[in-house]
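Have a look at the structure below before the remarks.
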Protein chains: 4
Amino acid sequence: MSPPTARRRLTREESRAQTRERLIDTAQHLFVSNGYGGASIRDIADKAGYSQGAFYSNFSSKEDILLELLRRHMEAEAVQLSTVMGNDAQQPEQMLAELEAWASTLNQDADWCMLSIELQLHANRSPTFAAEYQKVWDRHRSEIGGVIGLLFEKLGRSPPAAPDELAAAFMALSHGLALQRTTDRMDPSGRLIMVFLRGLIASAK
Amino acid sequence: MSPPTARRRLTREESRAQTRERLIDTAQHLFVSNGYGGASIRDIADKAGYSQGAFYSNFSSKEDILLELLRRHMEAEAVQLSTVMGNDAQQPEQMLAELEAWASTLNQDADWCMLSIELQLHANRSPTFAAEYQKVWDRHRSEIGGVIGLLFEKLGRSPPAAPDELAAAFMALSHGLALQRTTDRMDPSGRLIMVFLRGLIASAK
Amino acid sequence: MSPPTARRRLTREESRAQTRERLIDTAQHLFVSNGYGGASIRDIADKAGYSQGAFYSNFSSKEDILLELLRRHMEAEAVQLSTVMGNDAQQPEQMLAELEAWASTLNQDADWCMLSIELQLHANRSPTFAAEYQKVWDRHRSEIGGVIGLLFEKLGRSPPAAPDELAAAFMALSHGLALQRTTDRMDPSGRLIMVFLRGLIASAK
Amino acid sequence: MSPPTARRRLTREESRAQTRERLIDTAQHLFVSNGYGGASIRDIADKAGYSQGAFYSNFSSKEDILLELLRRHMEAEAVQLSTVMGNDAQQPEQMLAELEAWASTLNQDADWCMLSIELQLHANRSPTFAAEYQKVWDRHRSEIGGVIGLLFEKLGRSPPAAPDELAAAFMALSHGLALQRTTDRMDPSGRLIMVFLRGLIASAK
DNA sequence: GATGAATGAGACTTCATTCAT
DNA sequence: AATGAATGAAGTCTCATTCAT
């Protein structure tokens, strides 16, 4: 009945998905700028253009939407990493170059890192959330740890600490730097991360 | 004035100071465990053993007590650093040893780092607070930056990034690691910081 | 139209009737256990296995389904009473025995009485509902009153109060006792009602 | 400073007590007319002339104020009963006369009985509340049971059911009749209760 | 200096109901 | 006939803050 070229009216499922998506986006922005506790559901719904009830027909609670953000965060980070580390037959120089490319992405979106921090903070406070968080976190850390281990292996050197620990340290560095970020200052996160990584390599035997 | 043997009744000023002190201590604990937003003034007053009114007799607002915590935080960190870096005629080996001692103190009290994070988070959200925070932060960073610069100087090498940036990075690392801390896992913060520092030195020319 | 051997697909009307029936049953259970105000339409629909929309396809409002329950309640009580009081040429002893049988049915289903109470409570609060309720109630009371009047007549005694009042009192007694019912205590409603009835007869001249 | 004859400014305690009292009174009226579930804390506070916060600085929850009403209800009923049954050396005729006086008080305040019903209903739904309720209820029932037992003893007859059961039945009767009460009809509760009581006596041997 | 009752705004959440699908 | 996403009002409760005592 409606011509295929015209902007089609959304099906019910699409419409629901759109609502969900808008709420999730808005929630992310507000969690980042006001913190999880500081962002109210009223604000999220209002800014997304819906009623509070719409929020609750899409999410069971405030924590529920944070869980959804956690899932997406993890997924996106995994995708990002696998994109960077795509070709498996690599020279160490290539790996370093790609790591540098990856590190520089961290600069782009401070929001992204701030969300990590909010997730971590909330995990420290809500046992329910902590359980989910731990799974995601452990997996991500061990993926990065794998990359680091591989790098040192290809360089024929032994890493100065367990790869997983180094992975955690790099994430810590990145989060800590995000925390320091102000709007008026240029952000050196990516560069500093590489400085530290080169240092580790230099000190490895 | 009061007989030395009897338990002296506190003067009015001492009593007031005691109240202040107890409120500050309690506030710190609660800000750390619940976050600034998650800690209520009623909780602070209750747990400190006072009424809400007592809080407002000593502090003008919730942010006011956070400012006081900020001041003390800065002061304590300065003292800590100057204790470690006391003797100014030092060999690089001594400096490293003392830095290691300092880094290990960071393990001791996760609360300390979490407070840093809460301060930083609140600075990102409240312009009033941000102004005060920036002063303290800049000063502290440049102090640590000084130590790092001096270290490289004594080693006769040039640091792989501006000393202030490196200082910020080490603080970021320490905060990021504190954020990861769970009760059940041993905390490798101090050790990792030294691993990274040695890396920097190794890569410096 | 449909082959008699196969499980016949429900006609549209039958299907609708089934939906209605299930919703009514579920509503009754929930009104009884949570009260009219405490039972939500979402709960009713969910527990009945339908959507909220299905509810509104069958009933115009929450009060509407309560009205339907009222109608059925009245009808069922009338049937119950007429079953018990079926043969009109009776001896007083027979009547008492049959009343006893009837009274004992009140023990069986506390839910039944609790529904009466919910209906009465809602009638006290909603004028719309009260109008309908009053009709049903008056009719039921006068039916029971008729039985009581007849009993005393056959006994050749005059009742110690207007039969309708006595009827109301017996219903009150039964409802009040239902209200006291707890799961862990055996319910003496039927027996107590007979004790009171025998008392009335004994005191009548 | 203020003359003793002038309307004195309330002390803090008096003021608090006044607030509590007004909230309790208002709550009772609203619970009776709208039911426990139908009365909102907003309404209670508003009609009492306070903010919602004032409610919560006097009661910890909605159930808490219902518990307070329960306590007062019990106390008042105990007082009422002991007033009626004051002189312990009584003739049966006196006792009956006094019981009649007591029964007639039940007519006065339908609200009183409706509150009983709300208490009972809520006890059937909230386990927390049920525990408290049971204590009060058991005690009250056995007090009335005592009076009934004594009456039959003085009459030299044995009651046609356990005195406690009879007590429960009379309370049930009174509650059930309260439930039937409408504004436009005169209330025969007291009279009917006496009719039933006389019946019991007449049928006792 | 300290109290804590009271405020008013705002938190999260549930509800009866509507309406496009 | 039935769906269920969305609404807007209302629910219980907590908060930072004020002020008479």
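The values are calculated or read from the model by the stated rules, or taken from the named source; none is laboratory data. Here the structure is a predicted model, which is why all the values come from computation and not from measurement. Glycine gets a Cβ as well: all are built from the backbone with ideal geometry, and neighbour counts include every protein chain shown. Side chains included, ligands, DNA and RNA excluded: accessible areas come from the protein's heavy atoms. Shrake-Rupley method; radii C 1.70, N 1.55, O 1.52, S 1.80 Å.
The selection criterion, being within 9 Å of another protein chain (Cβ to nearest Cβ) and either at pLDDT below 95 or under 13 Å from A:L177 (Cα atoms) (or both), does not hold for B:L155. Looking across segment C:90-103, the residues that are of a type outside the set (A, V, I, L, M) and open to solvent by 50 Å² or more (accessible area, probe 1.4 Å) come down to C:Q91, C:E93, C:Q94, C:E100.
Inside segment B:145-157, can you point out the residues that are open to solvent by 60 Å² or more (accessible area, probe 1.4 Å) and part of a helix (DSSP H, G or I)? B:L150, B:E153, B:K154, listed by residue number. Among the residues of segment D:118-139, are any under 19 Å from the mean Cα position of the chain (by Cα), more than 16 Å from DNA strand E (Cβ to nearest atom) and outside any helix (DSSP H, G or I)? So far as segment D:118-139 goes, yes, one or more of its residues are under 19 Å from the mean Cα position of the chain (by Cα), more than 16 Å from DNA strand E (Cβ to nearest atom) and outside any helix (DSSP H, G or I). Filtering segment A:38-83 to residues that are within 17 Å of the chain's Cα centre (by Cα), within 16 Å of DNA strand E (Cβ to nearest atom) and free of Cβ contacts under 8 Å to residues at least 60 places away in the same chain leaves A:I65, A:E68, A:L69.
Among the residues of segment D:36-59, those that are more than 7 Å from DNA strand F (Cβ to nearest atom), open to solvent by 50 Å² or more (accessible area, probe 1.4 Å) and more than 14 Å from chain C (Cβ to nearest Cβ) comprise D:D46, D:K47, D:G49, D:Y50, D:S51, D:S57. Any chance segment C:173-190 includes a residue that's in a helix (DSSP H, G or I), touching a helix residue (DSSP H, G or I) at 6+ places or on another chain (Cβ under 8 Å) and closer than 20 Å to C:T83 by Cα? Yes, segment C:173-190 has at least one match.
Restricting attention to segment C:64-89, the residues that are surrounded by fewer than 16 Cβ atoms within 10 Å (Cβ to Cβ) and within 16 Å of DNA strand F (Cβ to nearest atom) total 1. If you filter segment B:26-35 down to residues that are modelled with pLDDT under 95 and within 15 Å of DNA strand E (Cβ to nearest atom), you find that the one that is surrounded by the most Cβ atoms within 10 Å (Cβ to Cβ) is B:G35.
The residue that is farthest from B:L200 (Cα to Cα), among those in segment A:158-172 that are at the interface with another protein chain (Cβ under 10 Å from one of its Cβ atoms), assigned to a loop (DSSP other than H, G, I, E, B) and open to solvent by 30 Å² or more (accessible area, probe 1.4 Å), is A:A162. Being modelled with pLDDT under 95, over 23 Å from C:I144 (Cα atoms) and either of a type in the set (D, E, K, R) or more than 16 Å from DNA strand F (Cβ to nearest atom) (or both): is that true of C:P92 here? It is false that C:P92 is modelled with pLDDT under 95, over 23 Å from C:I144 (Cα atoms) and either of a type in the set (D, E, K, R) or more than 16 Å from DNA strand F (Cβ to nearest atom) (or both).
Of all the listed residues (A:L192, A:L173, A:L115), the sole one being closer than 26 Å to B:D184 by Cα and without any contact (Cβ under 8 Å) to a residue 24 or more places away in the chain is A:L173.
Residue check: is A:S142 touching a Lys or Arg at 6+ places or on another chain (Cβ under 7 Å), among the hydroxyl-bearing types (S, T, Y) and open to solvent by 10 Å² or more (accessible area, probe 1.4 Å)? Judged against the criteria, A:S142 is not a match. Of all residues in segment D:112-130, none satisfies being in contact with a Cys (Cβ under 7 Å, 6 or more places away or on another chain) and on the phi < 0 side of the Ramachandran plot. If you scan segment A:116-164, which residues turn out to be charged (D, E, K, R) and within 17 Å of A:L99 (Cβ to Cβ)? Within segment A:116-164, A:R141, A:E143, A:E153, A:K154, A:R157, A:D164 qualify. Looking only at residues in segment D:173-205 that are open to solvent by 40 Å² or more (accessible area, probe 1.4 Å) and of a type in the set (D, E, K, R), which one is nearest to the other protein chains (Cβ to nearest Cβ)? Residue satisfying both the conditions and the ranking: D:R198.
Residues of segment A:108-121 include at least one that is within 14 Å of chain B (Cβ to nearest Cβ) and surrounded by fewer than 18 Cβ atoms within 10 Å (Cβ to Cβ).
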